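The values are calculated or read from the model by the stated rules, or taken from the named source; none is laboratory data. Predicted model, so just to flag it, every value in this text is computed and none were measured. Methodologically, a virtual Cβ is constructed for each residue, glycine included, from the backbone with ideal geometry; neighbour enumeration extends over all protein chains shown.
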Amino acid sequence: MSTREEILKTIEKNSRIDVHELSVLLGAEEIEVANELKALEEEGVICGYHTMIDWSKTSIEKVNALIEVKVTPTRGLGFDSIAERIYKYPEVTSVYLMSGGFDLMVILEGKSLQEVAGFVNNKLATLDTVLSTATHFILKKYKDHGTILTKKYEDTREIITP
Amino acid sequence: MRNPIGKKVVDIKPSGIRKFFDIVQETEGAISLGVGEPDFDTPWHIRDEGIYSLEKGRTFYTSNSGLKELRQEISNYIKRTQNVEYDPLKEIFVTVGGSEAIDLALRAMVDAGDEVLIPQPSYVSYEPCAILADAVPVTIELKEENQFRLTAEEVLEKVTDKTKILVLPFPNNPTGAVMTKEDLEAIAKVVIEKDLFVISDEIYGELTYSGEHVSIVSIPGMKERTILINGFSKAYAMTGWRLGYACGPEIIMKQMIKIHQFAIMCAPTTSQYAAVEALRNGDDDVKMMREQYNQRRRYLLNEFERIGLTCFEPFGAFYVFPSIKKFGMSSDEFCTRLLKEEKLAVVPGTAFGDCGEGYIRISYAYSLDNLKAAMERLERFISKL
C-alpha cells in the first residue's frame, strides 16, 4: 500500500492526528507525510477536516431530512446546473446524483420540521426543473460515517490471558 | 482417604500468568496490556454465518475430522498462501483451538522418554503438554541478540539420540519474533539430518509485518515431517469460538484423530460454519486488523525509544518484549511494582519460560487511546526508578 493510501485511510478515522504521530504510525518520514498531506489538500483529495457530532445528545435541536428529487435535466448541462442551484443553499448538507427511481438525493439540516417543510415548499419544489420531491425525516441515527452512535465499545476480555 | 490426585499433574507448575491474573483482578482502576487475544470483535459476516447455521438447525456433531467444506477451505488457504497441497480428507482435521492440536500432536507422536525441543520464551502450553505425554521437555533458550529467532546451532546443541520433536513457535508469543525463509531452511536441514519431526505452531501467521509469513512446510522435505498447526483465533479475532486445525502426514493425522474422537468427538459445529465464511470472505478483515496492529506496534516501539526502554523490533503477533534488565530488578518485581505504583498490568517474561527473565510482555491488542494512557503510566514509573 502506498503512503498516500495509508495516510488517507488513517486520517479518515482520525483527522486530529498530528503529522508527527501519523509518521510514527505509518513508519514513514515526517517530512514525507507532511508533503503528501499538503499535496492531497491541494489536489482536493482531502476536502476538509470535520468533527462528527451526535447533536441528539446536546440541547440543540436539529432535524435532518433526505429528499428524493426528480428533475428534468437541462440541455447541455445535464444534472449539474440544477444540482448547483440546490447545493448553494447552506441548509443543504449533501447532494448526490443517483441511479434508480429518482435523480438527486438532497440531504438537509434544519432547526425544525417546519423549517425543512418550508425549504421544500418554497425553494426546492418551485424550481422549474424539479418534477417531484419526496421528503423523509431521519428519526434516529444508529451509525454514521462508519461509526456506531448508539453503543460504546466495551472491553469484555479477561484482564490477563496467555 | 487416598490422595485423589495423580503425581504427574501435581508436579506441573501452574501457569505464571494465572498467578499474576489474580493480583491484577484485585487492583482497582488498573489498565491492562496483558491480554493475548485480539481486541476486535469477530467480523460481523462471520458471526452472521454462525447465527445462520443455528437458525438452519445445524446443531449436530460434524464428522470427527470436521466439516468437509471447512477442510477444503483450509486446504485452499494453505495452497494459496504457502503453495503447499494438503489432502482435505486425509491430511487435515479441525480441532478445538490450536491448543488441542498441540496436545494431540505431542500425545500421538511421543513415547515415554522421548525428548521434545521447546524454544523459550514461548507460549505456556508446550512444556506441560509434553510432560503429560510422558515426554521429556528440553528447553532451547532464544536470545535477544538473534532477535529471538531459533538458529540451527541452538538446535544442534540440544539434540540427543532421544530427541524426536522440535516445537517451532513462530511468529512468537511473547517475543513477536518471526523466522525468515533462510532461518527456516537452516532449521530444516538439521531436522532432516537428525531425523526429527516438527510441530509448527503458526497461529500468529497472518499477523506478520515484514512481508508474508513463511511456513516451514513450504521448504522441500518438510511437509513429510511437520504437523502444521493454525486456527482462527488470532487472524479472524475468533478466540471464543475455539477453533483450530492440524495438517500433516496421514499416518500421524490418523492417530491424532483417534485421540480427538475419544476425547472431543468434534470441534463445535457453529464455529465450523462460521470458519468456512472466514476463510472464504475474510481476507479484507484480516488485512484491516493487521494494518491496525502494525500502527500500534510502531507506536509502542517509538514510545519505548522515547522513554528509554530497550526493545528489539518484533515483526509478528501482537506483542513487544522490551528488556528491563537495566533497572536491576526481576521481571516479577518490575511487573508487581508497575501494577502497584501505576496500576498498569503487563506480563513478566518469566511466565513464558525462565529465560524470559529480564523482559516483560506488552500486548498491543488494544486501541491506540488505551496504549497512550498506558505509556503515560509506564513513562512515569520508569522515570522514578
Out of A:SER81, A:SER59, A:SER15, A:SER23, sole residue that is without any contact (Cβ under 8 Å) to a residue 60 or more places away in the chain and touching a Phe, Trp or Tyr at 6+ places or on another chain (Cβ under 6 Å): A:SER15
Take B:ASN76 and tell me if it is more than 12 Å from chain A (Cβ to nearest Cβ), surrounded by fewer than 21 Cβ atoms within 10 Å (Cβ to Cβ) and not in a helix (DSSP H, G or I). no
Which condition from (1) modelled with pLDDT under 95; (2) within 13 Å of another protein chain (Cβ to nearest Cβ) is the one that A:GLY76 breaks? (2)
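Can you pull out the helices (runs of 4 or more DSSP H) entirely within region A:1-110 that have at least 3 residues that are within 27 Å of B:SER367 (Cα to Cα) and not hydroxyl-bearing (Ser, Thr, Tyr)?
So the answer is A:3-13, A:19-26, A:30-42.
Quick one: is B:PHE93 aromatic (Phe, Trp, Tyr), buried (at least 19 other Cβ atoms within 10 Å of the Cβ) and either closer than 30 Å to B:GLY211 by Cα or more than 14 Å from chain A (Cβ to nearest Cβ) (or both)?
yes
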Restricting attention to region A:72-82, does a residue exist that is exposed (fewer than 10 other Cβ atoms within 10 Å of the Cβ), more than 16 Å from the chain's Cα centre (by Cα) and among the β-branched types (Val, Ile, Thr)? no
Of all residues in region B:293-351, which are surrounded by fewer than 21 Cβ atoms within 10 Å (Cβ to Cβ), touching a Pro at 6+ places or on another chain (Cβ under 9 Å) and among the small types (Gly, Ala, Ser)? B:SER330
How many residues are touching a residue at least 60 places away in the same chain (Cβ under 8 Å) and either out of contact with any strand residue (DSSP E or B) (no Cβ under 6 Å at 6 or more places or on another chain) or over 22 Å from A:ARG75 (Cβ atoms) (or both) if we restrict to region A:96-144? 9
Here are the criteria: (1) outside any strand (DSSP E or B); (2) in contact (Cβ under 8 Å) with a residue 12 or more places away in the chain; (3) of a type in the set (Lys, Arg). Tell me which single one B:ARG361 does not satisfy. (1)
Among the numbered conditions (1) within 14 Å of another protein chain (Cβ to nearest Cβ); (2) on the phi < 0 side of the Ramachandran plot, tell me where A:GLY146 comes up short. (2)
For B:ARG71, are the conditions met, namely being buried (at least 20 other Cβ atoms within 10 Å of the Cβ) and out of contact with any Cys (no Cβ under 8 Å at 6 or more places or on another chain)? yes
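In region B:332-358, what residues are in a loop (DSSP other than H, G, I, E, B) and farther than 17 Å from B:ASN173 by Cα?
Once the filter is applied, which keeps residues that are in a loop (DSSP other than H, G, I, E, B) and farther than 17 Å from B:ASN173 by Cα, region B:332-358 yields only B:LYS343.
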Scope region B:97-126; condition without any contact (Cβ under 8 Å) to a residue 40 or more places away in the chain and part of a helix (DSSP H, G or I); matching residues: B:ASP103
Failed condition for B:GLY97, given (1) of a type outside the set (Lys, Arg); (2) at positive phi; (3) outside the structural domain of B:ASN230 (by TED's automatic domain parsing), with all others met? (3)
Right, B:GLU37: at pLDDT 95 or above and in the same structural domain as B:PRO322 (by TED's automatic domain parsing) or not? yes
Picking from B:GLU144, B:GLU206, B:GLU212, the residue that is within 29 Å of B:ASP285 (Cα to Cα), in contact (Cβ under 8 Å) with a residue 40 or more places away in the chain, of a type in the set (D, E, K, R) and surrounded by fewer than 20 Cβ atoms within 10 Å (Cβ to Cβ) would be B:GLU212
Residue list for region B:1-54, restricted to those being among the small types (Gly, Ala, Ser), in a helix (DSSP H, G or I) and more than 30 Å from B:ILE360 (Cβ to Cβ): B:GLY50, B:SER53
When only residues in region B:276-313 that are among the charged types (D, E, K, R) and within 30 Å of B:TYR52 (Cβ to Cβ) count, which is nearest to the other protein chains (Cβ to nearest Cβ)? B:GLU291
Members of region B:318-328 found to be assigned to a loop (DSSP other than H, G, I, E, B) and of a type in the set (Phe, Trp, Tyr), listed by number: B:PHE318, B:PHE321
Apart from one, (1) closer than 30 Å to B:THR180 by Cβ; (2) surrounded by fewer than 12 Cβ atoms within 10 Å (Cβ to Cβ) all hold for B:PRO38; the odd one out is (2)
Taking the criterion of being more than 12 Å from every other protein chain (Cβ to nearest Cβ), over 30 Å from B:PRO322 (Cα atoms), of a type in the set (D, E, K, R) and loosely packed, with under 10 Cβ neighbours inside 10 Å, would at least one residue in region B:4-14 satisfy it? yes
So which helices (runs of 4 or more DSSP H) are wholly in region B:205-317 and hold at least 3 residues that are within 30 Å of B:GLU376 (Cβ to Cβ)? B:283-307
Flag for A:ALA28 being within 14 Å of another protein chain (Cβ to nearest Cβ), in contact (Cβ under 8 Å) with a residue 24 or more places away in the chain and either touching a Ser or Thr at 6+ places or on another chain (Cβ under 9 Å) or under 30 Å from A:GLN114 (Cα atoms) (or both): yes
Looking at B:VAL116, B:VAL9, which is the one that is β-branched (Val, Ile, Thr), under 27 Å from B:ILE227 (Cβ atoms) and out of contact with any strand residue (DSSP E or B) (no Cβ under 6 Å at 6 or more places or on another chain)? B:VAL9
Keeping to region B:97-153, report how many residues are within 14 Å of chain A (Cβ to nearest Cβ) and under 26 Å from B:MET265 (Cα atoms). 11
In region A:1-24, which residue that is more than 10 Å from chain B (Cβ to nearest Cβ) and hydrophobic (A, V, I, L, M, F, W, C) is farthest from the chain's Cα centre (by Cα)? A:VAL19
